[in-house]
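Step one of this worksheet: look at the structure below.
The values are calculated or read from the model by the stated rules, or taken from the named source; none is laboratory data. From a predicted model like this one, the values you see are computed outputs, not experimental measurements. Neighbour counts are summed over all protein chains in view; Cβ atoms, including those assigned to glycine, are modelled from backbone coordinates with ideal geometry. Heads up: the accessible areas ignore ligands, DNA and RNA and are worked out on the full protein's heavy atoms, side chains in. Shrake-Rupley method; radii C 1.70, N 1.55, O 1.52, S 1.80 Å.
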Amino acid sequence: MSLLFSISSWDVETWAQHFREKAPERALQLGPLPDDPASVDYVLAWQPPRGVFASMPRLKAIFSLGAGVDHLLSDPDLPDVPIVRVVDPDLTGRMTEWVVFQVLLHHRRHLMLDAAQRRHDWVTFRQLVAGDVRVGIMGLGVLGSDAAQVLARIGFQVAGWSRSAKDIEGITCYHGEDGLKAFLARTDILVSLLPLTPETRGLLNTDLFSQLARDGILDGPVLINAGRGETQSEDDILAALADGTLHAASLDVFSTEPLPADHPLWDHERVVITPHSAADSDPARLTDYVLGQIRAFEAGEPLKNVVDRTAGY
Ligand code: NDP
Ligand code: OXD
């Protein structure tokens, strides 16, 4: 019985240490590629190499070490075993912190205040009130619904958009293609927490930005994206910032990561960039989560948070 860590771009040893402490009886293989594919029962994966799952006859489940699973579903050789994703209050809390921080940064006009401080300029700007600002969250899943409720508690007018209909207290819920137009038309600050799927790829584009509200009290529409980079067109974001279709943006995810050092988004005065770090997966917390799931599964219980492969998330 062994667990393979198939991890690229994170320190595999940190994860392995937590597993050794909490489950010393489990044999670990530190990938990304397995030493002995025939003995692998579970893979714990983050951006594994394509084809890594081939020739694992005992494989029972794959655990994504992030909430997003596009890094797995894009593998053409993915075997037909359950894929479990991260749903954990620790990760949710981290994302809500990031979203609330970015919404408040634009709402409280912090980019202008920061620039004024650099100039040693004691200048004040008209202070807006949250109740006059309309936030719209694309993706009302585990992360989006939590951020929505915290923003509503602060006083923002919050709406959300999802694939299926939702009923969340205090949040105006829209869904499906039919609901998108009305959702955008009432949104001043657009937050995307959408997964990457064939339907969401490239969705954040000129056409969509041009449907955002133009009658808000901010200086213009704001885009905030911590979902996936491939859901946005960075060329369209730059063009929209240039012609006023968008006023500002906060971006944590990009089509190419790391964002190339010479990319014009880096230097844009109305763009905030964070390096795909809105909500980190915490190894200690997720070790408990994955081991809890494996132990329950081996005791005959069903796995939780299994990805719907047809929906793509
Ligand atoms: P969930 O699966 O819980 O929620 C996804 C939401 O998106 C659901 O509300 C779903 O609708 C909606 N959705 C999916 N496809 C469509 C569509 N075509 N049209 C409208 N709505 C759609 O995911 P999480 O909230 O846990 O995570 C969301 C994403 O956040 C992840 O997939 C990942 O890409 C990203 N992420 C980024 C991190 C970062 O650090 N930047 C960290 C963690 C996650 P419905 O409810 O109807 O199913
Ligand atoms: C995730 C991520 O999906 O870090 O958890 O992007």
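When only alpha carbons are used to place a centre, the stretch 271-313 and the stretch 1-19 end up 14 Å from one another. Viscosity 1.567 mPa s, temperature 4 °C: Stokes-Einstein D of the stretch 106-208 from its Kirkwood Cα radius, in µm² per second? For the chosen part, D equals 86 µm²/s.
Note on Glu298 and Thr310: the extension gain reaches 1.7 nm, defined as 0.36 nm multiplied by sequence separation minus the Cα-Cα distance. Size of the stretch 1-140: Rg and Dmax of its alpha carbons, in Å, are 22.1, 67. Partners of Lys166 within straight-line reach, counting lysines whose Cα lies under 22 Å from its Cα and excluding those fewer than 8 residues away in the same chain: Lys181, Lys304.
For the chain, a crude dipole built from +1 on the beta carbon of Lys and Arg and -1 on the beta carbon of Asp and Glu, taken about the Cα centre, is about 640 debye to the nearest 20.
Grab the beta carbon distance between Arg50 and Val87, set R0 = 30 Å, and tell me the FRET efficiency rounded to 0.05. Once rounded, the FRET efficiency stands at 0.70. Taking the charge dipole of the stretch 1-141 about its Cα centre, with +1 at Lys and Arg Cβ atoms and -1 at Asp and Glu Cβ atoms, the residue from Leu128, Gly93, Ile83 reaching farthest to the positive side is Leu128.
Computed with a 1.4 Å probe over protein heavy atoms only, the accessible surface of the chain comes to 47 Å² per residue.
For the chain, the longest principal axis of the Cα atoms and the long axis of helix 234-243 meet at an angle of about 10 degrees.
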